[in-house]
Amino acid sequence: MKRKTFLIRSFSTLAGFFALPTTGLLAHNPRGDQKNKPFIISTWSHGLDANIAAWEVLIQNGRALDAVEKGVRVTELDPDVTSVGVGSNPDRDGNITLDASIMDEHGNCGAVAFLQHIKNPISVARQVMEKTPHVMLAGEGALQFALANGFKKEDLHTDSSRQRWEDWKKSKNNEPIDMHNHDTISMLAIDNNGDISGACTTGGLAFKHHGRVGDSPIIGAGLYVDNEIGGAGGTGVGEVIMKTLGTYLIVELMRNGLSPQAACKEAVMRAVKKIPDAKDLPVYYIAVNKQGEFGAYGTNREFEYAVYTENKGNTLYRAESVY
């Protein structure tokens with residue numbers, strides 16, 4: 001399947017659910033002796049192609065920041081991925097609006113929200129991080145910043161995205177927004193120096209209200225990295241992730257000794273406990289710690305994530321879930 005080589009590994013629990021093999025809880029190691037580098041983890045099956053591009057950076061001793069940017073750009077430019085970048089599902093008014101964030105090993109971060117007409121919002125987010133004193137730019141201001149920094153204003157629609165909007169207007173215009181129609185890509189990478197960076201980019205919920213911004217550009221919600229501890233990324237319904245600051249929570253749980261797997265599970269369970277309808281919504285997390293151990297967890301069995309390591313290559317897993 002193109003250049004992809006992947007394996008879906010599933011393990012049944014007593015309840016018949018899929019589970020990711022983990023090594024259990026970890027004691028916090030303040031020295032951060034990283035044992036599994038380079039390393040990449042990303043959300044969904046489209047993460048496989050993104051991982052390949054990111055891996056090319058890492059094996060040339062590139063920086064994790066460069067790897068995650070290059071990796072998720074692949075997904076942003078893929079018109080067959082209808083929830084990220086070019087060809088994303090439009091909002092209720094037919095506009096494609098994009099959100100993205102990026103965070104490096106020094107704690108620097110940048111984000112764009114409600115950005116239109118730019119194919120690679122992750123690269124604009126990096127420019128916000130590196131060329132301004134700000135963390136986030138939004139809307140028209142983000143667009144003007146992008147144009148001033150050499151990005152080209154383009155039509156992000158494809159024939160398919162236009163047709164999906166036309167079909168939605170005819171059949172579902174008066175129905176509630178489908179909170180299950182999503183699929184952000186979040187990516188975390190560890191380079192040969194043991195440094196961690198992350199990226200998160202999305203087109204958001206299909207047929208959302210014009211102006212809606214999800215969790216992806218919110219540092220601590222859709223993405224968080226602490227180079228002493230690890231990183232986490234989210235995907236699913238941004239409203240739930242924003243209400244619980246899931247990725248920040250996961251990193252703090254890892255700081256206190258939990259493994260990435262246990263921390264992801266706790267973040268999902270906390271959302272389910274605190275938000276009445278969270279159990280019926282897709283909420284998913286990935287995480288990696290400084291030792292190179294990783295984990296993932298979600299509210300249901302739909303969640304797949306891709307991991308690239310030297311030993312196992314580019315591998316697709318199905319995450320353990322609540323239900």
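Assess whether Thr75 counts as being within 26 Å of Val237 (Cβ to Cβ), polar (S, T, N, Q) and either in a helix (DSSP H, G or I) or at pLDDT below 95 (or both). Answer is yes for this residue. Among all residues of segment 293-309, there is at least one that is surrounded by fewer than 18 Cβ atoms within 10 Å (Cβ to Cβ), at pLDDT below 95 and more than 16 Å from Ala64 (Cβ to Cβ).
Criterion first (over 13 Å from the mean Cα position of the chain (by Cα), buried (at least 24 other Cβ atoms within 10 Å of the Cβ) and not hydroxyl-bearing (Ser, Thr, Tyr)) does Leu77 satisfy it? So Leu77 does not fit the description; no. Every condition in (1) buried (at least 21 other Cβ atoms within 10 Å of the Cβ); (2) out of contact with any strand residue (DSSP E or B) (no Cβ under 9 Å at 6 or more places or on another chain); (3) farther than 23 Å from Ala148 by Cα holds for Val86 except the one numbered (3). The single residue among Leu245, Leu249, Leu281 that is in contact with a strand residue (DSSP E or B) (Cβ under 9 Å, 6 or more places away or on another chain), under 30 Å from His209 (Cβ atoms) and modelled with pLDDT under 95 turns out to be Leu281. Considering (1) crowded, with 24+ Cβ neighbours inside 10 Å; (2) closer than 22 Å to Glu320 by Cα, the lone condition that Leu281 does not fulfil carries the number (1).
The residue pairs whose first member lies in segment 138-150 and is in contact (Cβ under 8 Å) with a residue 12 or more places away in the chain and under 18 Å from Ser216 (Cα atoms), whose second member is outside any helix (DSSP H, G or I) and of a type in the set (D, E, K, R), and whose beta carbons are closer than 8 Å, counting only pairs six or more residues apart or on different chains, are Leu143/Lys153. Sub-9 Å Cβ pairs linking a first residue in segment 79-90 that is under 17 Å from Ser216 (Cα atoms) to a second residue that is assigned to a loop (DSSP other than H, G, I, E, B) and of a type in the set (Asp, Glu), at least 6 apart or interchain, are Val81/Asp183; Thr82/Asp183; Ser83/Asp183; Val84/Asp78; Val84/Asp183; Gly85/Asp78; Val86/Asp78; Val86/Glu154, ordered by first then second residue. Considered as a group, the residues in segment 36-59 that are closer than 18 Å to Val225 by Cα and assigned to a loop (DSSP other than H, G, I, E, B) include one that is modelled with the lowest pLDDT, and that residue is Asn36. Exactly one residue out of Gly238, Gly211, Gly220, Gly233 is touching a helix residue (DSSP H, G or I) at 6+ places or on another chain (Cβ under 9 Å) and crowded, with 24+ Cβ neighbours inside 10 Å, and it is Gly233.
Considered as a group, the residues in segment 236-258 that are polar (S, T, N, Q) and out of contact with any Phe, Trp or Tyr (no Cβ under 9 Å at 6 or more places or on another chain) include one that is farthest from Leu223 (Cα to Cα), and that residue is Asn256.
None of Lys279, Lys273, Lys265, Lys243 is within 19 Å of the chain's Cα centre (by Cα) and either within 13 Å of Thr299 (Cβ to Cβ) or not charged (D, E, K, R) (or both) except Lys265.
With respect to Ile8, determine if the residue is at pLDDT below 95 and either of a type in the set (A, V, I, L, M) or within 21 Å of Val124 (Cβ to Cβ) (or both).
So Ile8 passes the test.
The values are calculated or read from the model by the stated rules, or taken from the named source; none is laboratory data. Predicted model only: the values in this text are computed from it and were never measured. Methodologically, a virtual Cβ is constructed for each residue, glycine included, from the backbone with ideal geometry; neighbour enumeration extends over all protein chains shown.
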